[in-house]
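First up is the structure itself, then whatever we jot down about it.
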Amino acid sequence: MTVFGSLGVSWDKLQWLAAALSVGLGFGLQEIFGNFVSGLIILFERPVRIGDTVTIGTFSGTVSKIRIRATTITDFDRKEVIIPNKAFVTERLINWSLSDTTTRVVIRLGVAYGSDLDKVKEVLLKAAKEASQRSCTSQRQTSSSPPSGQARWITSCVYTVRELRDRSYTVDELNRSIDRLCRENNINIAFNQLEVHLP
């Protein structure tokens with residue numbers, strides 16, 4: 001106290017300084033404690049495991065390390081990102097491989113009016129058969145009339161992919177097969193059209 005007095009710091013000012021430091025330290029410890037508790041929840045409840053592919057917020061990647069304070073996720077560009085464990089408990093979390101690695105792929109194909117919709121269905125189903133064994137057979141196929149103002153039919157086909165790591169490869173393979181089969185069967189793929197009327 002004598003030292004602070006000689007420096008011109010009064011006890012009242014020192015009290016305010018101590019209070020401010022206590023509040024700041026309290027908030028810091030609160031975050032640390034929150035991450036610690038969240039780490040225990042992750043370790044015991046196991047909503048994520050090492051090797052799982054997850055999406056948290058707008059970030060996706062594979063869990064590579066789980067520690068008490070934070071979890072390390074490796075994204076698809078091989079960057080390691082350290083995320084506080086609290087985020088896994090308080091934010092929206094998608095675990096793509098928690099209990100099943102099978103995912104759905106929906107491919108929508110726009111075809112011109114006058115197209116043979118039965119032939120379109122055959123093409124979509126044949127594309128699934130031509131795709132590698134990583135792709136399962138289609139679950140269902142539906143055709144619907146186009147939204148108002150669009151001169152095309154929208155045909156959707158739902159496929160399943162057994163392994164999440166094969167999803168991008170399978171989608172690319174399906175798209176290539178559908179494009180080739182449409183050209184072979186003279187099916188015109190329709191695109192959005194813009195009409196400009198000049199006075």
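I'd like the residue in the stretch 113-132 that is assigned to a helix (DSSP H, G or I) and among the acidic types (Asp, Glu) and, out of all such residues, is surrounded by the fewest Cβ atoms within 10 Å (Cβ to Cβ).
Residues of the stretch 113-132 assigned to a helix (DSSP H, G or I): 117-130.
Right, trim to among the acidic types (Asp, Glu) and you get 118, 122, 130.
Numbers: 118: 9, 122: 15, 130: 15.
Within the stretch 113-132, the match that is surrounded by the fewest Cβ atoms within 10 Å (Cβ to Cβ) is 118.
Of the residues in the stretch 172-183, how many are surrounded by fewer than 17 Cβ atoms within 10 Å (Cβ to Cβ) and either under 30 Å from residue 98 (Cα atoms) or basic (Lys, Arg) (or both)? Lay out the reasoning, then the answer.
In the first step, residues of the stretch 172-183 are kept if they are surrounded by fewer than 17 Cβ atoms within 10 Å (Cβ to Cβ); the result is 172, 175-176, 179-180, 183.
Then keep just the ones that are either under 30 Å from residue 98 (Cα atoms) or basic (Lys, Arg) (or both); that gives 172, 175-176, 180, 183.
Of the residues in the stretch 172-183, 5 are surrounded by fewer than 17 Cβ atoms within 10 Å (Cβ to Cβ) and either under 30 Å from residue 98 (Cα atoms) or basic (Lys, Arg) (or both).
Consider only pairs whose beta carbons are under 6 Å apart and that are at least six residues apart or on different chains; among these, list those whose first residue lies in the stretch 87-102 and is in a helix (DSSP H, G or I) and whose second residue is of a type in the set (S, T, N, Q).
Close Cβ pairs (under 6 Å, with a partner that is of a type in the set (S, T, N, Q)) amount to 89/38.
Could you tell me whether residue 105 is touching a Phe, Trp or Tyr at 6+ places or on another chain (Cβ under 8 Å), buried (at least 16 other Cβ atoms within 10 Å of the Cβ) and either in contact (Cβ under 8 Å) with a residue 24 or more places away in the chain or closer than 24 Å to residue 173 by Cα (or both)? Show your work before the answer.
On the way: touching a Phe, Trp or Tyr at 6+ places or on another chain (Cβ under 8 Å): yes; buried (at least 16 other Cβ atoms within 10 Å of the Cβ): yes; either in contact (Cβ under 8 Å) with a residue 24 or more places away in the chain or closer than 24 Å to residue 173 by Cα (or both): yes.
Criteria met by residue 105.
Out of everything in the stretch 57-102 that is in contact with a helix residue (DSSP H, G or I) (Cβ under 6 Å, 6 or more places away or on another chain) and within 25 Å of residue 157 (Cα to Cα), what residue ends up being surrounded by the most Cβ atoms within 10 Å (Cβ to Cβ)?
Filtering first and then ranking leaves 97.
Bear in mind these aren't lab numbers, they're just calculated from the coordinates by the rules spelled out. The structure displayed is predicted, hence computed values, not measured ones. Every residue, glycine as well, gets a Cβ built from its backbone with ideal geometry; the counts of neighbours run over all protein chains shown.
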